[in-house]
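Note sheet for the following structure.
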Amino acid sequence: MSIAPLQNVFVWDPSPNIFTVPVINHPITWYGVLFAFGFFVAYFVVRHLFFEQLKNDCPNKPQTWVKRLSVNLTDRLTLLVIIGTLIGARLGHVFFYGWTYYVSHPVDILKIWEGGLASHGGAVGILLAIGIFTFQHKKNHSSFTFLATLDAIVVPAAFVGGCIRIGNFINQEILGTPTLLPWGVIFLRPVQGMRGVPLHPVQLYESLFYFISFVLLIIIWKKLGQRIGGGILAGWFFILIFSFRFLIEYIKLPQSELLKEDSWLNMGQMLSLPLILLGIVLVATYSMRQRRRNV
């Protein structure tokens with residue numbers, strides 16, 4: 001993996017594979033490792049959030065009981081979220097960004113290790129997974145409502161998004177528009193063409209913003225007294241992440257073939273708007289509830 005300066009830009013041409021597993025001859029990709037690492041970190045973040053919530057809700061229970069229950073709930077939620085994310089993000093990419101290709105190559109839909117996951121589809125998949133989780137546990141664990149679980153999930157989701165965008169950068173996909181800025185990047189094997197042209201490293205812009213959002217959400221959670229359930233964390237997540245996603249689309253190359261090039265909004269922006277609106281509704285609803293309590 002190497003980066004070399006060339007006329008005020010960087011040439012970027014790493015191998016997408018870390019190594020190849022002997023015997024089965026299957027490559028282990030940077031994208032797959034970063035995706036798995038993001039979920040690994042997310043697991044422990046959610047487990048900690050659940051532990052603190054249970055500790056506040058059950059002050060008379062021993063710490064060992066609280067820890068065991070938080071692990072149990074996190075394990076079940078993690079499995080559902082991984083399945084929901086992979087299916088939702090993959091189908092989102094297939095239907096909104098690559099339908100022309102995948103309708104002729106349906107088997108390639110299964111090749112998620114090659115990249116091609118849409119964050120909007122992933123968001124829908126996660127919402128469905130949370131719905132299933134809360135339905136299964138609402139009787140025994142009433143404090144883990146849909147909003148409480150959603151609040152817990154969105155905090156590490158920002159971190160996972162940052163890891164995935166680094167994977168996109170290594171894969172030379174989801175490219176920015178041409179730029180003359182000194183940090184422009186020349187990709188030698190870009191998925192969307194534009195070889196040899198300095199482009200905005202939009203993958204790194206997004207990754208950095210997602211990591212910053214992760215830290216901001218942790219700060220908000222601490223200011224709330226380490227509580228989840230009001231929907232305020234989810235609200236700010238949707239506002240921050242998808243507002244930034246809406247804006248950065250202006251310096252991305254088109255990814256969807258379903259809209260005309262002269263369309264006022266591209267696919268990423270159109271899919272971001274409902275999630276931004278959802279975030280505004282969640283924040284506004286939380287604020288109104290707080291005002292009523294303070295009256």
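The values are calculated or read from the model by the stated rules, or taken from the named source; none is laboratory data. From a predicted model like this one, the values you see are computed outputs, not experimental measurements. Every residue, glycine among them, receives a Cβ derived from its backbone with ideal geometry; neighbour counts consider all protein chains shown.
Odds and ends about this structure:
- Among the residues of region 72-91, those that are touching a helix residue (DSSP H, G or I) at 6+ places or on another chain (Cβ under 6 Å) and free of Cβ contacts under 8 Å to residues at least 40 places away in the same chain comprise Thr74, Thr78, Ile87, Ala89, Arg90, Leu91.
A quick yes/no check of all residues on (1) of a type in the set (Asp, Glu); (2) modelled with pLDDT of 85 or more; (3) surrounded by 15 or more Cβ atoms within 10 Å (Cβ to Cβ):
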{"position": "Tyr31", "(1), (2), (3)": "no, yes, yes"}
{"position": "Leu49", "(1), (2), (3)": "no, yes, yes"}
{"position": "Cys58", "(1), (2), (3)": "no, no, no"}
{"position": "Arg76", "(1), (2), (3)": "no, yes, no"}
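- Selection status of Phe237, at pLDDT 85 or above and crowded, with 19+ Cβ neighbours inside 10 Å: yes
- Listed by first and then second residue, the pairs linking a residue in region 197-226 that is more than 24 Å from Asp13 (Cα to Cα) to a residue that is of a type outside the set (S, T, N, Q) and not in a helix (DSSP H, G or I), with Cβ atoms under 9 Å apart and 6 or more places separating them unless they lie on different chains, are Trp221/Arg227; Trp221/Ile228; Leu224/Gly230.
- Condition broken by Thr100, with the remaining ones in (1) part of a helix (DSSP H, G or I); (2) touching a residue at least 12 places away in the same chain (Cβ under 8 Å); (3) in contact with a helix residue (DSSP H, G or I) (Cβ under 9 Å, 6 or more places away or on another chain); (4) not aromatic (Phe, Trp, Tyr) satisfied: (3)
- Number of positions in region 104-117 that are modelled with pLDDT of 75 or more and either acidic (Asp, Glu) or in a loop (DSSP other than H, G, I, E, B) (or both): 1
- Of all residues in region 133-157, those satisfying the criterion of being in a helix (DSSP H, G or I) and of a type outside the set (A, V, I, L, M) are Phe133, Thr134, Phe135, Gln136, His137, Phe146, Thr149, Asp151, Pro156.
- Near pairs, Cβ below 7 angstrom, 6+ apart or cross-chain, from region 36-58 (at negative phi) to any residue that is of a type in the set (A, V, I, L, M, F, W, C) and assigned to a loop (DSSP other than H, G, I, E, B): Leu49/Ile228; Gln53/Ile228
- The residue list Arg195, Arg189 contains one member that is under 16 Å from Leu253 (Cα atoms), in contact with a strand residue (DSSP E or B) (Cβ under 8 Å, 6 or more places away or on another chain), basic (Lys, Arg) and outside any helix (DSSP H, G or I), which is Arg195.
- Pick from region 179-195, criterion closer than 10 Å to Trp12 by Cα and touching a residue at least 60 places away in the same chain (Cβ under 8 Å), ranking: surrounded by the most Cβ atoms within 10 Å (Cβ to Cβ): Phe187
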